[in-house]
Amino acid sequence: MASIKDVAAAAGVSVATVSRVLNDHPSVSADARTRVLAAVEALGYRPNAVARSLRTDQTRTLGLVISDVLNPYFTELARSVEEEARAHGYSVIIGNADERPELQDHHVRTLLDRRIDGLLVSPTDGGSPLMLEAARGGTPMVFVDRWIPGVDVPVVRADGHAAIRDLVAHLHGLGHRRLAIIAGPAATTTGSERVQAFREALAEYGVPLPDAYIGQGDFQAESGRRATEGFLDLPEPPEVVFAADNLMALGALDAVRARGLRVPDDIALAAFDDIRWFVHTDPPVTAIAQPTGELGRAAVRALIDRIEGRPPQSVTLPARLVVRRSCGANPDGNRDANRGANQTPVQRSTS
């Protein structure tokens, strides 16, 4: 393997000149720069990243701790983060918290020990002392999707309030009046926020949200199945189940089918977090879509701003409703014959 001394000898310059070229220092002449870069290419020289990090106090590496790598939403988020980071010359190390606070802290501690330049986190809860210490101790950090209230860290997220109002308007227009929700963990901001937005949207139509129609989930499919089984066992089951994430929606769908029931004929289903699978289910699932790729890219840009000393900005992007057939709407957006007045959807899908 070629060394920096080999490059210097081949280019006919000093080792210091090679170092200045590799670090894009402006004091090097155009001729010397051309010869050094040609020697680097010919010899296949690769700088020692560890040695460079010791000299510059930078590793050009970002850490990303996501809540659940098996959740398609977070998989897409991680991909967009990696692509944007690479475009800016950074690599990304990813840790999967699996919705477990202790595993989240393990990844955060490991990433900090590896001297990453900055950290992107989707917190599993707001009570981690390590997370609070890292956030308040000067580590460049950005929260993405979820956040810890009261901690002075930029947040990049989607606002689902308007989309949830659109969903409730759509369901009300189809004649549904008994609406239930499978909530995410109350310790997460997304878990509590989506329930509150759903409750407020129902109140605009004078529709109550009884405690029996609030199922407690954990953003995992099994919890969606259990909550839906509980709804179906009620003396008066809900007409609609709204799952506050995609995996819980898949669990709900399993529970409905296990009872020999059909969506939407016997019970309607909607989800927060649209995924590509939803167009392939029977029927395709009405869902609230987040601008996942944009969130990942914006989070990386905010983190790099913080690393490079520029004032970072929090970013909030709107989610949107995608209407399909799982709540009783026909592919053209019209209601089924046995439902109420038609409500024009925000976005229609013919899937």
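The values are calculated or read from the model by the stated rules, or taken from the named source; none is laboratory data. Since the structure is predicted, the reported quantities are computational estimates derived from the model, not experimental observations. Using ideal geometry, Cβ is built from the backbone for each residue, glycine included, and neighbour counts are taken over all protein chains shown. Note: accessible area is taken over every heavy atom of the protein model, side chains too, but ligands, DNA and RNA are not part of it. Shrake-Rupley method; radii C 1.70, N 1.55, O 1.52, S 1.80 Å.
Quick grid of which residues meet (1) β-branched (Val, Ile, Thr); (2) modelled with pLDDT under 95; (3) part of a strand (DSSP E or B); (4) under 25 Å from SER80 (Cα atoms):
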position: GLY296; (1), (2), (3), (4): no, no, no, yes
position: ALA299; (1), (2), (3), (4): no, no, no, yes
position: ILE304; (1), (2), (3), (4): yes, no, no, yes
position: GLY309; (1), (2), (3), (4): no, yes, no, yes
position: GLN313; (1), (2), (3), (4): no, yes, no, yes
position: LEU321; (1), (2), (3), (4): no, no, yes, yes
position: ASN342; (1), (2), (3), (4): no, yes, no, no
position: PRO345; (1), (2), (3), (4): no, yes, no, no
position: SER351; (1), (2), (3), (4): no, yes, no, no
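Against the conditions (1) open to solvent by 20 Å² or more (accessible area, probe 1.4 Å); (2) part of a loop (DSSP other than H, G, I, E, B); (3) without any contact (Cβ under 8 Å) to a residue 24 or more places away in the chain, GLY89 satisfies every one except (3). What about LEU209, is it of a type in the set (A, V, I, L, M), open to solvent by 30 Å² or more (accessible area, probe 1.4 Å) and either in contact (Cβ under 8 Å) with a residue 24 or more places away in the chain or within 29 Å of PRO149 (Cα to Cα) (or both)? No.
Somewhere in segment 163-183, is a residue touching an Asp or Glu at 6+ places or on another chain (Cβ under 9 Å), within 24 Å of VAL69 (Cβ to Cβ) and of a type outside the set (Ser, Thr, Tyr)? Looking for residues that are touching an Asp or Glu at 6+ places or on another chain (Cβ under 9 Å), within 24 Å of VAL69 (Cβ to Cβ) and of a type outside the set (Ser, Thr, Tyr), one finds at least one in segment 163-183, hence yes. Restricting attention to segment 103-116, the residues being of a type outside the set (S, T, N, Q), under 11 Å from ILE93 (Cβ atoms) and at pLDDT 90 or above number 3.
Which residues, taken from segment 92-122, are in a strand (DSSP E or B), open to solvent by less than 10 Å² (accessible area, probe 1.4 Å) and under 14 Å from VAL142 (Cβ atoms)?
Taking segment 92-122 and keeping what is in a strand (DSSP E or B), we get 92-96, 118-121.
Adding the requirement that they be open to solvent by less than 10 Å² (accessible area, probe 1.4 Å) leaves 95, 118-121.
Within segment 92-122, GLY118, LEU119, LEU120, VAL121 qualify.
I'm checking my understanding of the structure. Among residues of segment 29-47 that are surrounded by 12 or more Cβ atoms within 10 Å (Cβ to Cβ) and at pLDDT below 85, which one is farthest from GLY89 (Cα to Cα)?
Taking segment 29-47 and keeping what is surrounded by 12 or more Cβ atoms within 10 Å (Cβ to Cβ), we get 32-40, 42-43, 45, 47.
Of the ones still in play, those that are also at pLDDT below 85 are 45, 47.
On the way: TYR45: 18, PRO47: 14 Å.
Taking the candidates together, the pick is TYR45.
Here GLY191 meets the list (1) outside any strand (DSSP E or B); (2) modelled with pLDDT of 95 or more; (3) within 23 Å of the chain's Cα centre (by Cα); (4) not hydroxyl-bearing (Ser, Thr, Tyr) almost entirely, failing just condition (2). Cβ-Cβ contacts under 7 Å between residues 6 or more apart (or on different chains), taken from a first residue in segment 289-314 that is under 27 Å from ARG165 (Cα atoms) to a second residue that is in a helix (DSSP H, G or I) and open to solvent by 80 Å² or more (accessible area, probe 1.4 Å), are listed as THR292/GLU76; GLY293/GLU76. Of all the listed residues (PHE278, PHE242), the sole one being assigned to a helix (DSSP H, G or I), buried (at least 20 other Cβ atoms within 10 Å of the Cβ) and in contact with a strand residue (DSSP E or B) (Cβ under 6 Å, 6 or more places away or on another chain) is PHE278.
Within segment 48-68, take every residue that is at pLDDT below 80 and among the basic types (Lys, Arg) and give me the one that is surrounded by the most Cβ atoms within 10 Å (Cβ to Cβ). Working first, answer last.
First, the residues of segment 48-68 that are at pLDDT below 80: 48-59.
With the extra rule that they be among the basic types (Lys, Arg), the set shrinks to 52, 55.
Numbers: ARG52: 16, ARG55: 10.
Restricting to residues being at pLDDT below 80 and among the basic types (Lys, Arg), the top hit is ARG52.
Do we have ALA169 as assigned to a helix (DSSP H, G or I), more than 19 Å from PRO283 (Cβ to Cβ) and hydrophobic (A, V, I, L, M, F, W, C) here? When the stated conditions are applied, ALA169 passes them. Screening VAL256 with (1) in contact (Cβ under 8 Å) with a residue 60 or more places away in the chain; (2) closer than 12 Å to GLY224 by Cβ; (3) part of a helix (DSSP H, G or I) gives one miss only, at (1).
Looking at LEU247, LEU269, LEU234, LEU295, can you tell me which residue is within 23 Å of ASP159 (Cα to Cα) and out of contact with any strand residue (DSSP E or B) (no Cβ under 7 Å at 6 or more places or on another chain)? Give the derivation first.
Working: LEU269 fails: out of contact with any strand residue (DSSP E or B) (no Cβ under 7 Å at 6 or more places or on another chain); LEU234 fails: within 23 Å of ASP159 (Cα to Cα); LEU295 fails: out of contact with any strand residue (DSSP E or B) (no Cβ under 7 Å at 6 or more places or on another chain).
Exactly one residue qualifies, and that residue is LEU247.
Table: residues versus (1) small (Gly, Ala, Ser); (2) surrounded by 24 or more Cβ atoms within 10 Å (Cβ to Cβ); (3) free of Cβ contacts under 8 Å to residues at least 40 places away in the same chain; (4) out of contact with any Ser or Thr (no Cβ under 9 Å at 6 or more places or on another chain).
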position	(1), (2), (3), (4)
ARG157	no, no, no, no
HIS176	no, no, no, yes
ALA180	yes, yes, no, no
PRO185	no, no, no, no
ARG199	no, no, yes, yes
PHE219	no, yes, no, no
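Taking the options ARG257, ARG225, name whichever one is under 27 Å from the mean Cα position of the chain (by Cα) and modelled with pLDDT of 95 or more.
Working: ARG257 fails: under 27 Å from the mean Cα position of the chain (by Cα).
Exactly one residue qualifies, and that residue is ARG225.
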